[in-house]
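Here's the structure we're looking at; comments come further down.
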Amino acid sequence: MIMIADISADFAKLGEYLQRDFVIRALVVGVLIALCSSLFGVTLVLKRFSFIGDGLSHVAFGAMTIATVMKLTNNMLLTLPVTVICAVLLLRTGTNAKIKGDASIAMISVGALGIGYLIMNIAPSTSSRTNLAGDVCSTLFGSTSILTLKPFDVWLSVGLSAVVIVLFILFYNRLFAVTFDEAFARASGLKAGLYNLIIAVIVAVIIVLAMNLVGSLLISALVIFPALSAMRVFKSFRSVIICSAVFSVACTALGIMVSVMYGTPVGSTIVAVDIVGFAAFTAAGLIKRRV
Amino acid sequence: MAQLTVKDLTLGYEGKAIISGLDFSVDAGDYLCIVGENGSGKSTLMRTLLRLQSPISGTIETGDGLRRDEIGYLPQQSAVQRDFPASVREVVLSGCLSRIGGRPWYGKAEKAIAVESMEKMDITHLAKRCYRELSGGQQQRVLLARALCATRKMLLLDEPVAGLDPRVTAEMYSLIKRLNREDGITIIMITHDVAAGLDNANKILHVGAELFFGTKEEYLASPVSRGFSATEGGEA
């Protein structure tokens with residue numbers, strides 16, 4: 001009985017929270033980022049590029065520390081271009097380079113992480129001096145930044161997400177072709193290099209957006225979990241895309257609400273929900289195969 | 001005029017020539033087999049014909065109403081495809097990519113072509129199945145249907161029977177032969193399987209240390225073929 005009373009009290013609390021601006025902002029931005037990352041996550045996973053998401057998120061972390069030290073009014077102004085450039089370079093080298101793709105990603109990602117932390121430590125910045133661990137922790141795990149969004153951040157996220165989603169819909173068939181069989185797509189006259197470039201840029205944008213939500217260490221979860229979960233159950237490209245979008249949005253929204261209610265860190269809560277979802281889909285896939 | 005004319009072609013990677021001084025031409029309705037040892041540059045030649053890489057020197061010209069993007073392509077299967085979630089219909093439809101120009105979506109015309117190609121390959125009943133769950137022979141039919149969406153004029157086939165069992169191999173060859181004889185589609189096929197390949201072809205291109213291009217009869221009478229068949233026979 002106490003349990004039930006507790007839960008109903010929790011729901012009342014949730015209803016109350018959902019009236020507040022900061023919760024609504026977090027939900028709007030969270031859902032949009034979840035949607036974008038899941039759409040392109042499928043392509044990344046299938047192209048064997050999922051690790052690039054991880055590498056780029058560390059680059060974004062490094063860029064963000066520099067932006068903080070330079071005291072830019074909006075971190076994204078530096079983080080976004082730097083991450084985009086790295087994305088382009090990484091996807092370029094992925095095909096033919098002296099240093100192989102996975103090694104160069106590991107190098108850049110670890111390098112950015114190290115330099116970022118170093119800069120945070122040695123920079124004579126008054127605010128981050130006092131709470132260095134807290135700052136690093138919040139950039140890496142996005143502890144509360146999603147709950148402290150300003151209207152400008154929300155509009156920027158909404159705008160960028162809208163662009164990403166429209167591009168995805170317009171290029172859907174070409175993305176499928178270039179992901180399924182790049183050689184055939186190129187033989188059909190498709191500029192595969194251009195589409196790989198577009199993918200790289202969009203992924204960079206998504207990662208910079210997602211830093212607000214789950215922090216730079218956990219971004220890969222947003223990219224990988226929805227795609228892999230959907231692929232456990234569904235067999236066609238379109239159904240996998242739709243399912244992973246729904247999965248991602250549902251898990252993220254649930255994660256944000258749980259974290260608001262119980263005061264858990266947003267990013268890790270979302271990832272935890274993703275893991276539970278993945279387990280459920282894996283089970284569903286196994287059952288479906290048996291039947 | 002020939003559909004495809006290759007003049008004094010030198011090809012390879014990073015300026016290193018694998019094949020040089022290659023001349024041959026393909027007429028409408030031809031069935032050309034490209035044979036040669038591993039590493040002799042067969043696949044490089046195919047990639048060059050498809051504009052996936054540029055030749056070091058020489059020219060490739062299309063004529064007789066054939067555009068460069070009207071060449072259908074059956075690639076060797078890559079690792080990516082093996083666990084790719086895609087329905088047969090989606091894969092076949094992606095062959096229409098060169099037909100939609102700047103439009104984002106496939107229209108009625110493209111969908112009709114996809115349906116027709118699937119009927120031709122006898123895979124209509126598989127349309128909703130997942131590509132990765134099909135057998136090797138069925139997968140090849142799907143990819144062939146995709147290639148047919150891209151062209152009704154010329155098909156380039158890269159080792160179309162690699163990894164298939166003998167019965168399915170025979171089926172595949174007769175399918176390709178039918179496309180050539182009944183639909184008048186020009187076939188260019190790379191193959192290791194010299195004997196079976198030679199059964200259907202009317203022209204042979206042998207690449208390697210020695211180049212040969214001519215009709216099947218000329219090839220069988222030439223010293224190039226004897227040396228090659230002997231070594232191939234030794235391996236088997």
Original post:
Of the residues A:L27, A:L32, A:L39, A:L56, which single one is surrounded by fewer than 22 Cβ atoms within 10 Å (Cβ to Cβ) and either under 17 Å from A:V214 (Cβ atoms) or under 12 Å from the mean Cα position of the chain (by Cα) (or both)?
Top reply: A:L27
**OP:** Return a yes/no flag: does region B:109-125 have any residue that is at the interface with chain A (Cβ under 8 Å from one of its Cβ atoms) and assigned to a loop (DSSP other than H, G, I, E, B).
**Re:** no
**OP:** May I ask you to list pairs of residues, at least six apart or on different chains, whose Cβ atoms are under 9 Å apart, with the first in region B:127-151 being more than 10 Å from every other protein chain (Cβ to nearest Cβ) and surrounded by 22 or more Cβ atoms within 10 Å (Cβ to Cβ) and the second being assigned to a strand (DSSP E or B) and not small (G, A, S)?
**Re:** B:Q140/B:L74; B:L144/B:L74; B:L144/B:L155; B:L144/B:L157; B:L148/B:L155
**OP:** Considering only region B:82-108, state which residues are within 20 Å of B:G163 (Cβ to Cβ) and either within 8 Å of chain A (Cβ to nearest Cβ) or assigned to a loop (DSSP other than H, G, I, E, B) (or both).
**Re:** B:D83, B:F84, B:A86, B:V91
**OP:** For residues that are within 14 Å of chain B (Cβ to nearest Cβ), in a helix (DSSP H, G or I) and surrounded by fewer than 21 Cβ atoms within 10 Å (Cβ to Cβ), scanning just region A:233-280, find the one that is nearest to the chain's Cα centre (by Cα).
**Re:** A:I242
**OP:** State whether one or more residues within region A:152-166 are within 14 Å of chain B (Cβ to nearest Cβ), surrounded by 15 or more Cβ atoms within 10 Å (Cβ to Cβ) and either among the β-branched types (V, I, T) or part of a helix (DSSP H, G or I) (or both).
**Re:** yes
Original post:
If we scan region B:9-29, do we find a residue that is in contact with a Leu (Cβ under 8 Å, 6 or more places away or on another chain), in a strand (DSSP E or B) and on the phi > 0 side of the Ramachandran plot?
Top reply: yes
Subject >> Selection status of A:G189, surrounded by fewer than 22 Cβ atoms within 10 Å (Cβ to Cβ), within 14 Å of chain B (Cβ to nearest Cβ) and either outside any helix (DSSP H, G or I) or of a type in the set (D, E, K, R) (or both) >> reply: yes
**OP:** Tally the residues that are aromatic (F, W, Y) and either over 18 Å from A:G41 (Cβ atoms) or more than 25 Å from the chain's Cα centre (by Cα) (or both), restricting the search to region A:177-199.
**Re:** 1
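Every read-out reported here was derived from the displayed coordinates using simple, explicitly stated rules and does not represent laboratory data. Here the structure is a predicted model, which is why all the values come from computation and not from measurement. Here Cβ is always computed from backbone atoms with ideal geometry, including for glycine, and neighbour counts include all displayed protein chains.
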